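Written below as structure tokens is the structure these notes are about.
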Amino acid sequence: MMTSDKKSPSPEILIVIVNYKTPELTIDCLKSLTQEIPLFPDLNVTVVDNDSQDGSAEKIEAAIQKEGWSSWVSFLPSGKNGGFAFGNNVAIRPVLNSENSSPYFLLLNPDTVIHPGAIKTLIDFMNNHPDVGIAGSRLEEPDGTPQRSAFRFHSIFSEFDDGLRLGIVSKLLNRWIVAPPVPDSHCKTDWVAGASMIIRREVFETIGLLDEDYFMYFEEVDFCLRANKAGWPCWYVPESRVIHFVGQSSGVTNTKIPPKRRPQYWFDSRQRFFIKNYGLVYTVFTDFFAIIGFILWNFRASIQGKLSNLPPKFVTDFWNNTVWMKRNSQLPS
């Protein structure tokens, strides 16, 4: 049941936060958004709970009522844990279909805390650049250290480099590295992290919603690639600053703890991205060069006495999820 005192969505922006078993983080994220109310009196936020079943719904709804946020925050249970794209689409779809649709949509992770003016900066940038379809914030650690959040599209070259991790090869393949050094000023980029990503309404109208066949990971890469092909470029806007507690939502990319075994949905999403966007043959070669890179890296690490920072059983799991090992699985349409 939706908790809301609003009769219509904001004409300026809809912020979507998808919660899954992180109620405290979600509430802290909402608290950071209160500072934006003076700038956007009709601010509209929808918190989607992906069927957490851990008391998240009750905690978040209680906080909304206790803090008096119901004039600008709506709570929407999704009914199932359909993943990141599914949860965002639950909130975006009805607004797109309404008569008073917001011109902008901001996807915001629950494990974020925004700096003052971060949202206004994104909206001002989009208003001043009507040809831009998507823009992302500068994500940073609590101490201000920037995180890499402006990326290049994945390719056969980037996958080989990510596996091999050899300096001379990385220099040769520099133009294909997915995560280049953090830019100091706003710039065009291939894709931005979905932790804080603003999307123009016309992008959805042109290419459709996020692909719900991705459970988690690669969905924002896929979306930005589709937008790029449709003529909607993506930009990185570091003037919009957002603290990001990396991996707190999923537990997969948290760099503060030893890496966990990579979940099956990561491998499924990766394979879907390559097959859907580049075709089966390209994916076969990509998997081949990636696994060669990982094997060579592990061999080099063992003879040099280095500790591998790969997730547990990653090479084995990667091999089992290559195209040729999943011949019987259904390929994306």
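Values as computed for the structure displayed
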| quantity | calculated |
| --- | --- |
| Residue match in the stretch 50-57 (condition: touching a residue at least 40 places away in the same chain (Cβ under 8 Å), crowded, with 20+ Cβ neighbours inside 10 Å, in contact with a helix residue (DSSP H, G or I) (Cβ under 9 Å, 6 or more places away or on another chain) and not assigned by TED's automatic domain parsing to the domain that holds TYR265) | no |
| Pairs with Cβ under 7 Å, 6+ apart, first in the stretch 99-118 and of a type in the set (Gly, Ala, Ser), second in a helix (DSSP H, G or I) | SER101/VAL95; SER101/ARG201; SER102/VAL95; SER102/ARG201 |
| 1 or more residues assigned by TED's automatic domain parsing to the domain that holds VAL95: qualifying helices (runs of 4 or more DSSP H) within the stretch 199-318 | 201-207, 219-229 |
| Flag if ILE17 is under 18 Å from the mean Cα position of the chain (by Cα) and either in the same structural domain as LEU107 (by TED's automatic domain parsing) or closer than 22 Å to ILE198 by Cα (or both) | yes |
| The one condition in (1) of a type outside the set (Lys, Arg); (2) out of contact with any strand residue (DSSP E or B) (no Cβ under 7 Å at 6 or more places or on another chain); (3) farther than 17 Å from ILE17 by Cα that PHE153 fails to fulfil | (2) |
| The stretch 146-158, subset of a type in the set (Phe, Trp, Tyr) and within 18 Å of the chain's Cα centre (by Cα), residue surrounded by the most Cβ atoms within 10 Å (Cβ to Cβ) | PHE151 |
| Qualifying residue in the stretch 228-248 (condition: touching a helix residue (DSSP H, G or I) at 6+ places or on another chain (Cβ under 7 Å), surrounded by fewer than 22 Cβ atoms within 10 Å (Cβ to Cβ), of a type in the set (D, E, K, R) and under 24 Å from SER102 (Cβ atoms)) | yes |
| Single match in ASP143, ASP190, ASP213, ASP161 (criterion: surrounded by 15 or more Cβ atoms within 10 Å (Cβ to Cβ), more than 15 Å from the chain's Cα centre (by Cα) and among the acidic types (Asp, Glu)) | ASP161 |
| Output for the stretch 228-248, where each listed residue is touching a strand residue (DSSP E or B) at 6+ places or on another chain (Cβ under 8 Å), over 16 Å from LEU122 (Cβ atoms) and modelled with pLDDT of 95 or more | ASN228 |
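Matching residues to (1) within 28 Å of the chain's Cα centre (by Cα); (2) at pLDDT 90 or above:
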| site | (1), (2) |
| --- | --- |
| PHE274 | yes, yes |
| TYR278 | yes, yes |
| TYR282 | yes, yes |
| PHE288 | yes, yes |
| PHE299 | no, no |
| GLN304 | no, no |
| LEU307 | no, no |
| LEU310 | yes, no |
| VAL315 | yes, no |
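Each row is one residue, and each column tells you yes or no for (1) at negative phi; (2) among the β-branched types (Val, Ile, Thr); (3) exposed (fewer than 15 other Cβ atoms within 10 Å of the Cβ).
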residue: ARG93; (1), (2), (3): yes, no, yes
residue: SER98; (1), (2), (3): yes, no, yes
residue: PRO103; (1), (2), (3): yes, no, no
residue: LEU107; (1), (2), (3): yes, no, no
residue: ILE123; (1), (2), (3): yes, yes, no
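The values are calculated or read from the model by the stated rules, or taken from the named source; none is laboratory data. Note that the coordinates shown come from a computational prediction; the quantities given were computed from them, not determined experimentally. All Cβ positions, glycine included, derive from the backbone under ideal geometry; neighbour counts span all protein chains shown.
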